[in-house]
Amino acid sequence: MANGITVKVKKDNRGVVVSAPYIPEFPPDAKARGGRWDPAEKVWIFDPRDEEAVRELLRKHYGTDGDDAPVLVGIRVELDQLGVGGKRIWHFAGRLIAERPGRDSQVRFGPGVVVVEGGFGKSGGSHKHPALSHFPGTVIEIRDVPLPLAERLAAEKPGVSIVQQRPADAQERLKELVARRDHLKKELDLIEEQIKMLTEIGGGIDNEI
């Protein structure tokens, strides 16, 4: 997916199978819905009767269920207002945003994350408890975030605002949406042809479609 994370949902003989990046908030909700973690394949498996509820969980945490082709935007986060502490920021856009593995390690950023103002110290915290230690006024931008998730974060989190994607990104998303629309239209035409054929063979059906 264009936003640097990949969410996939498929169905097989085990049930509804979900592949999504790890974030701390998802596993508790997945388990509450009866999800079972498969460590070999690194996927969650759910009862097929819960497919729509599972997709809703994915949209809640990641902004997409992998099949809905959401509009993507950027968000900017003022770290002073967010009150960041510790060595990691997990809680945005379904991905790890930034982490400092050790006290003297450089800060690592997640996919599509850039610093637009300020920055981070060369070291932070202690050997036992590393910390990001951002400079006052530091602002980061997280790109390619599904719009529904971006809107929720902007409403719930202090210091979060939505910014527009670059025109090139918007054009690429438009191409993806048009291609998906055309694919769905072809699939719908095929379904209509099959319904017509089966109706003619069976002499009609009891309930009007």
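Descriptive notes on the structure:
- Failed item in (1) farther than 22 Å from residue 176 by Cα; (2) basic (Lys, Arg); (3) out of contact with any Pro (no Cβ under 6 Å at 6 or more places or on another chain), with residue 55 passing the rest: (1)
One line per residue, one yes/no per condition, for (1) outside any strand (DSSP E or B); (2) surrounded by fewer than 19 Cβ atoms within 10 Å (Cβ to Cβ); (3) at negative phi:
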| position | (1), (2), (3) |
| --- | --- |
| 23 | yes, yes, yes |
| 52 | yes, yes, yes |
| 67 | yes, yes, yes |
| 70 | yes, no, yes |
| 73 | no, no, yes |
| 103 | yes, yes, yes |
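- The one condition from (1) in contact with a strand residue (DSSP E or B) (Cβ under 7 Å, 6 or more places away or on another chain); (2) open to solvent by 50 Å² or more (accessible area, probe 1.4 Å); (3) within 22 Å of residue 152 (Cα to Cα) that residue 110 does not meet is (2).
- Selection of first residues in the stretch 19-30 that are within 19 Å of residue 51 (Cα to Cα) and at pLDDT below 90 and of second residues that are surrounded by 17 or more Cβ atoms within 10 Å (Cβ to Cβ) and aliphatic (A, V, I, L, M), restricted to Cβ pairs under 7 Å at least 6 apart or on distinct chains, gives the following pairs, ordered by first then second residue: 21/5.
- Scanning the stretch 154-169 for residues that are open to solvent by less than 70 Å² (accessible area, probe 1.4 Å), part of a helix (DSSP H, G or I) and at pLDDT 90 or above yields one hit, 154.
- Residues that are charged (D, E, K, R) and either over 20 Å from the mean Cα position of the chain (by Cα) or exposed (fewer than 14 other Cβ atoms within 10 Å of the Cβ) (or both) within the stretch 26-37 comprise 31, 36, listed in sequence order.
- The stretch 188-206 - residue that is open to solvent by 90 Å² or more (accessible area, probe 1.4 Å) and among the acidic types (Asp, Glu) and, of those, modelled with the lowest pLDDT: 206
- Filter result for residue 8 (open to solvent by 60 Å² or more (accessible area, probe 1.4 Å), under 30 Å from residue 174 (Cα atoms) and not acidic (Asp, Glu)): yes
- Residue within the stretch 137-149 that is open to solvent by less than 50 Å² (accessible area, probe 1.4 Å), without any contact (Cβ under 8 Å) to a residue 40 or more places away in the chain and in a loop (DSSP other than H, G, I, E, B) present: no
- Residues satisfying the stated conditions in the stretch 84-134, i.e. charged (D, E, K, R) and at pLDDT 90 or above: 99, 100, 103, 104, 108, 117, 122, 128
- Residue in the stretch 120-129 that is most open to solvent (accessible area, probe 1.4 Å), counting only those that are over 27 Å from the mean Cα position of the chain (by Cα) and touching a residue at least 12 places away in the same chain (Cβ under 8 Å): 122
- Pairs where the first residue, in the stretch 81-95, is open to solvent by 60 Å² or more (accessible area, probe 1.4 Å) and the second is not hydrophobic (A, V, I, L, M, F, W, C), C-beta under 7 Å, 6+ apart: 81/158; 81/159; 87/99; 87/100; 87/125; 87/130; 88/99
The values are calculated or read from the model by the stated rules, or taken from the named source; none is laboratory data. Computed from a predicted model, the values in this text were never measured in an experiment. FYI the Cβ positions are ideal-geometry reconstructions off the backbone, even for glycines, and counts take in every protein chain you see. The accessibility values were calculated without ligands, DNA or RNA, using every heavy atom of the protein model including side chains. Shrake-Rupley method; radii C 1.70, N 1.55, O 1.52, S 1.80 Å.
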